[in-house]
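Have a look at the structure below before the remarks.
The values are calculated or read from the model by the stated rules, or taken from the named source; none is laboratory data. None of these values were measured; they are calculated from a predicted model. Here the Cβ is made from the backbone with ideal geometry for all residues, glycine too, and neighbour counts use every protein chain on show. Remember, those area values only see protein heavy atoms, side chains included, never the ligands or the DNA or RNA. Shrake-Rupley method; radii C 1.70, N 1.55, O 1.52, S 1.80 Å.
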Amino acid sequence: MSTNVVMVGAGVANVNAATKLIDEGFNGKITIIDMGKDPYLRPYEEVMTGFLGAGGWSDGKLTYHTSIGGHLSKYVGEEKAMELFDQVINNFKRFHPKPEEVQCSNPIAEPDFIKPYFGLRLFPVWHVGTDYLHEIGKNWYDFLVEGGVEFLWETKVHAIDFVNERVLGKSLIKDLEYERRYDKLIFGVGKSGIDFGKQLAEEYDLPTESKPVQIGVRFEAPQKHFQKLIDVSYDFKLYRKFEDKGVSLRSFCTNNNAAYVAVEQTYGDVSYNGHAKKGEEHRNNMTNFGILMEIQGIDEPFTWSRELVKAVNETWFDNSKGQGRYARKTHTGLYYSPTREAGMTSEGIKVDAMSIKSLDKVKDAFQGYYDYIEDFIEDMKKVFPTLKDDWGIYVPEVKYLSPEPLVNYNNLSLTTYPNVHFVGDALSARGITVSGAQGTLVAEQLLNGEIIKAKDLENNVELLEKQIQEELNKI
């Protein structure tokens, strides 16, 4: 009997898992269910759901080191983690329309001018190019469809029955309910499905370990101010720690040359990210990066982050001439700058953000933690003396991390339900490479199980044939 694999979420983790299964001649059934659309129908601005998920649709950088993006090496060790990374990177090259343009930057020296104020993490990064991701998505999707993968698009999974091994979903565009039975389930819902993962953890009383808060702002400035550091490390990572306070800060997801701030919608609220185009025609000579705090010791960190983002988004102002209930209110993220106006998206539209002249409301929402970000910016002005007040921030940038379910390290299966595997953001992966590697790891273990099953079947057939022959010899 062939194995029936159901994957919830069509992000980078499950796409790489399905690719590995097809490449190795998996003879079971593969079904992928996602709330979004396939890459031919998915709008550019729809970042959170759809084929290749959030990262594979809007970010063209693949980090190549085990110290960031989640702790893959704690599951499989350093050597195996890097091998899995290679498989993910090779897939992006394989479906890239111009694979020769995928380049790796590998800085090796930390410049002295950074040291008095910041640590600088240097590691290799593969640059795919945001403007190639959609074409990659189409090529990759065609491969999976031709390989026999069934996709259920615009379908929301609303329940998973771990006991009876079935997934229940409903079409978002038709009045249709779906039920899919599984032998193996890979749960890779991404950031937009964190609430659902939390619901399952509570419903089935899954053992978990809590995660820290990860929240901050998206910083934007002309690239010229940072060029001295960019020449050393394109995707630089400035960081600092306050261990006695349980707080660390880092710059995150640096974009240069053709760098644009991207709006994300999660749980109905607005937050920010960034991406960089490859084509010279998109050059705007801007740099943007997140300034993210990791805060330990917050009770219910997921809820705390949600409430902070909601508070920022509800810094209302009246954008009409109406009065009372007829007044039109703005519900969005915020933009602050001493001197600049909010920037433009890569489509030439002003970034959706409400400009504010004071940070008082932001500081209230951050409950004292904004002081760390303010100090970070002040020290950047010392390290990069031309920066001065020529910068702006989009508030907030957030990485929602729900409590991480405890899994078996060898195949990322739940300790209480060994045929259910958690991958990607559902397992606190932060980044394309780690998410894809987790999916690939699960696929490898499923394939190993198929080989063992086939050998058992072969042994059983040999034993049965031997028994039949012995009975015939008695006649």
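Observations, loosely collected:
- Residue count for the range 349-407, restricted to those that are in contact with a Pro (Cβ under 8 Å, 6 or more places away or on another chain) and either open to solvent by 70 Å² or more (accessible area, probe 1.4 Å) or assigned to a loop (DSSP other than H, G, I, E, B) (or both): 5.
- Subset tally (residues that are at pLDDT below 95, open to solvent by 20 Å² or more (accessible area, probe 1.4 Å) and of a type outside the set (A, V, I, L, M, F, W, C)) for the range 419-463: 13
- Output for the range 40-80, where each listed residue is open to solvent by 20 Å² or more (accessible area, probe 1.4 Å), in a loop (DSSP other than H, G, I, E, B) and small (Gly, Ala, Ser): Ala54, Ser67, Gly77
- The set of residues in the range 408-418 that are touching a helix residue (DSSP H, G or I) at 6+ places or on another chain (Cβ under 7 Å) and open to solvent by less than 10 Å² (accessible area, probe 1.4 Å) contains only Leu412.
- Annotation note: of Thr287, Thr254, Thr315, the sole residue that is open to solvent by less than 30 Å² (accessible area, probe 1.4 Å), touching a helix residue (DSSP H, G or I) at 6+ places or on another chain (Cβ under 9 Å), more than 26 Å from Ala201 (Cβ to Cβ) and not in a strand (DSSP E or B) is Thr315.
- Residue in the range 264-282 that is surrounded by 17 or more Cβ atoms within 10 Å (Cβ to Cβ), part of a helix (DSSP H, G or I) and touching a helix residue (DSSP H, G or I) at 6+ places or on another chain (Cβ under 9 Å) present: no
- Members of the range 17-39 that are in a loop (DSSP other than H, G, I, E, B) and closer than 18 Å to Glu146 by Cβ: Glu24, Gly25, Phe26, Asn27, Gly28, Asp38, Pro39
- Only residues that are open to solvent by 30 Å² or more (accessible area, probe 1.4 Å) and under 23 Å from Ser58 (Cα atoms) were counted across the range 81-93, and they come to 4.
- Those residues of the range 118-150 which are under 18 Å from the mean Cα position of the chain (by Cα) and in a strand (DSSP E or B), in sequence order: Val125, Trp126, His127
- Filter result (out of contact with any strand residue (DSSP E or B) (no Cβ under 8 Å at 6 or more places or on another chain) and open to solvent by 20 Å² or more (accessible area, probe 1.4 Å)) within the range 4-25: Lys20, Asp23, Glu24, Gly25
- Residues within the range 290-303 that are farther than 15 Å from Asp195 by Cβ, touching a residue at least 40 places away in the same chain (Cβ under 8 Å) and not small (Gly, Ala, Ser), tallied: 7
- Restricted to the range 222-235, and to residues there that are at pLDDT below 95 and over 19 Å from the mean Cα position of the chain (by Cα), the residue that is surrounded by the fewest Cβ atoms within 10 Å (Cβ to Cβ) is Asp231.
- Options Leu120, Leu152, Leu144, Leu168; residue that is farther than 22 Å from Phe85 by Cα, open to solvent by less than 20 Å² (accessible area, probe 1.4 Å) and at pLDDT 95 or above: Leu152
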